[in-house]
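Take a look at the structure below.
The values are calculated or read from the model by the stated rules, or taken from the named source; none is laboratory data. Keep in mind it's a predicted model, so treat the numbers as computed, not measured. Reconstructed Cβ throughout: ideal geometry from the backbone, glycine too, with neighbour counts over all protein chains shown. Side chains included, ligands, DNA and RNA excluded: accessible areas come from the protein's heavy atoms. Shrake-Rupley method; radii C 1.70, N 1.55, O 1.52, S 1.80 Å.
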Amino acid sequence: YANSFTDNDGVNDATEAFKEFHGRSPVAQKYLAALPQRPATTKREQIMIEFQRWRAQLEKEGFFDPNLLHVALRFVELVVMYCLGLVCFWRGGYLGLTLGIIIHGLFSGRCGWLMHEAGHGSLTGNLTIDKHLQRLILGFGFGGCGPMWNVMHSKHHATPQKIGYDVDLDTTPWIAFFNTAVEDNRPRGFSRLWTKFQHYTFLPVTSGFLVMVFWFLYLHPRKAIKDADYVQLFFIISAHTFRPYLLTVMTGCSFITAYALLWASIWVGGVYLFGHFAMSHSHKAVADRHQTKNWLDFALDHTVDIDPSNSLICWIMGYLNCQVLHHLFPHMPQYKQPAASRKLIQFCKEQGLTYEIIGYCDAWQRTFANLRDVGEHYYQNGVDAKRMALPKETLTSIANRMK
């Protein structure tokens with residue numbers, strides 16, 4: 001069938017995955033055109049044909065057109081927030097230092113929202129510009145590496161909540177999001193007691209400390225060094241040098257003290273960012289590693305939208321409260337997704353599909369209830385030795401490619 005294609009096995013329809021990931025990339029289109037072609041041996045699902053018609057209508061209505069004024073305002077917000085934090089540090093005292101840490105933590109977290117959109121190419125719509133903006137934002141805001149984020153995040157988007165494919169599920173031993181996480185992830189250590197209390201450690205320890213230290217002191221710098229990505233390395237180094245230097249200028253403290261203040265704010269940013277990331281999918285059902293689904297079903301079955309009509313929630317979550325829309329259309333500017341949500345409600349109603357929208361407080365409750373229940377499951381039952389012995393080639397090969 002015209003303009004459609006399958007994955008390497010010739011089984012799974014990869015049409016939407018390619019279009020939504022690479023629709024703005026002339027290079028990807030060039031490589032695709034050079035590949036051998038053959039007549040399709042299977043028919044497309046009717047629902048996916050209807051989905052493409054609906055998508056074409058959204059594109060016609062301008063839902064995929066970037067807005068440079070919006071982009072500029074997002075950057076202005078970051079500059080104002082960063083400067084406000086510096087003023088708080090300059091005022092000093094317990095209140096000033098506390099406010100400075102919190103505001104700079106929110107600055108880092110909101111850098112996370114913006115670099116995420118730049119990584120998808122939905123910020124300015126120009127992939128070259130967006131990738132460099134991502135390097136700047138993630139590098140200075142967190143000390144992270146944009147290409148490293150993209151390698152990991154693309155796996156999540158391709159098959160969200162699919163065991164063995166979505167690296168966001170490969171989080172043991174620090175966190176287990178589903179009842180076979182220890183058995184189905186790559187072999188690592190395991191503690192019943194730690195897992196039992198994971199709903200308490202998830203935000204302050206795992207998100208705020210463990211992920212931040214491992215990613216931004218090891219995993220991300222290693223990627224930039226391996227790739228000889230000197231632009232990214234410059235921004236990473238600036239986060240660890242220039243940011244604390246500014247704090248020494250504003251407060252008169254030593255560089256070591258300023259660096260400790262930087263990491264206190266990074267802790268706040270990690271709690272803020274990764275806590276909210278988990279709310280849209282970590283409590284949803286997982287798909288077995290051998291299960292196949294179309295692009296639409298993966299988004300609708302394994303993610304939720306959170307109060308898309310609430311402007312405050314949209315701001316707090318950097319528009320990623322519209323996670324279903326984001327998984328369907330990663331190239332759609334994210335600030336347009338709340339409006340697209342109303343269109344999706346109507347589309348799903350017409351097609352007999354379930355589109356789940358939940359409240360902000362409900363999303364937090366579900367996230368922590370899932371962590372508590374999975375932790376209790378492992379505390380009571382331990383691991384399934386037979387399942388633990390099954391091969392896990394997929395996750396291992398993904399991990400090797402990320403090194």
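What the table below lists for this structure:
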| read-out | value |
| --- | --- |
| Residue pairs meeting the criteria (Cβ under 7 Å; at least 6 apart or on separate chains; first loosely packed, with under 15 Cβ neighbours inside 10 Å, in the range 343-356; second of a type in the set (A, V, I, L, M)) | Gln351/Ile47; Thr354/Leu300; Glu356/Val304 |
| Test: Val383 is farther than 27 Å from Lys343 by Cα, part of a loop (DSSP other than H, G, I, E, B) and β-branched (Val, Ile, Thr) | yes |
| Those residues of the range 149-183 which are among the polar types (S, T, N, Q) and open to solvent by less than 40 Å² (accessible area, probe 1.4 Å), in sequence order | Asn150, Thr159, Gln161, Thr171, Thr172, Thr180 |
| Enumeration of residues in the range 128-148 that are open to solvent by 10 Å² or more (accessible area, probe 1.4 Å), of a type in the set (A, V, I, L, M) and either in contact (Cβ under 8 Å) with a residue 24 or more places away in the chain or not in a helix (DSSP H, G or I) (or both) | Leu136 |
| Among residues of the range 44-56, those that are in contact (Cβ under 8 Å) with a residue 12 or more places away in the chain and either open to solvent by 80 Å² or more (accessible area, probe 1.4 Å) or touching a Phe, Trp or Tyr at 6+ places or on another chain (Cβ under 6 Å) (or both), counted | 3 |
| Gly125 vs. criteria part of a loop (DSSP other than H, G, I, E, B) and either under 13 Å from the mean Cα position of the chain (by Cα) or not aliphatic (A, V, I, L, M) (or both) | yes |
| Qualifying position, being of a type outside the set (Val, Ile, Thr), farther than 22 Å from Trp267 by Cβ and out of contact with any Gly (no Cβ under 6 Å at 6 or more places or on another chain), among Phe177, Phe234, Phe209 | Phe234 |
| Answer from Ala287, Ala264 - the residue that is more than 30 Å from Gly96 (Cβ to Cβ), touching a residue at least 60 places away in the same chain (Cβ under 8 Å) and over 16 Å from the mean Cα position of the chain (by Cα) | Ala287 |
| Any hit, the range 362-373, residues being under 19 Å from Gln161 (Cβ atoms), of a type in the set (Ser, Thr, Tyr) and modelled with pLDDT under 95 | no |
| Residue in the range 334-352 that is touching a helix residue (DSSP H, G or I) at 6+ places or on another chain (Cβ under 7 Å), part of a helix (DSSP H, G or I) and farther than 22 Å from Ser122 by Cβ present | yes |
| Some residue of the range 242-254 being closer than 30 Å to Thr172 by Cα, of a type in the set (A, V, I, L, M) and modelled with pLDDT of 95 or more | no |
| Counted residues, the range 313-327 - those being closer than 18 Å to Leu114 by Cβ and part of a helix (DSSP H, G or I) | 7 |
| Residue count, the range 250-263 (criterion: open to solvent by less than 60 Å² (accessible area, probe 1.4 Å) and of a type in the set (Val, Ile, Thr)) | 1 |
| Conditions (1) without any contact (Cβ under 8 Å) to a residue 60 or more places away in the chain; (2) hydroxyl-bearing (Ser, Thr, Tyr); (3) closer than 29 Å to Leu78 by Cβ: number failed by Ser154 | (1) |
| Output for the range 86-127, where each listed residue is open to solvent by 30 Å² or more (accessible area, probe 1.4 Å) and among the charged types (D, E, K, R) | Arg91 |
| Matching residues, the range 308-350, being more than 19 Å from Phe64 (Cα to Cα) and touching a strand residue (DSSP E or B) at 6+ places or on another chain (Cβ under 8 Å) | Ile313, Met317 |
| Test: residue in the range 222-234 that is open to solvent by 40 Å² or more (accessible area, probe 1.4 Å), more than 22 Å from Leu261 (Cβ to Cβ) and outside any helix (DSSP H, G or I) | yes |
| Test set (1) of a type in the set (A, V, I, L, M); (2) open to solvent by 30 Å² or more (accessible area, probe 1.4 Å); (3) closer than 29 Å to Trp90 by Cα - Leu247 fails condition number | (2) |
| Residue ID - farthest from Gly119 (Cα to Cα), chosen from residues in the range 184-194 that are open to solvent by 20 Å² or more (accessible area, probe 1.4 Å) and not charged (D, E, K, R) | Leu193 |
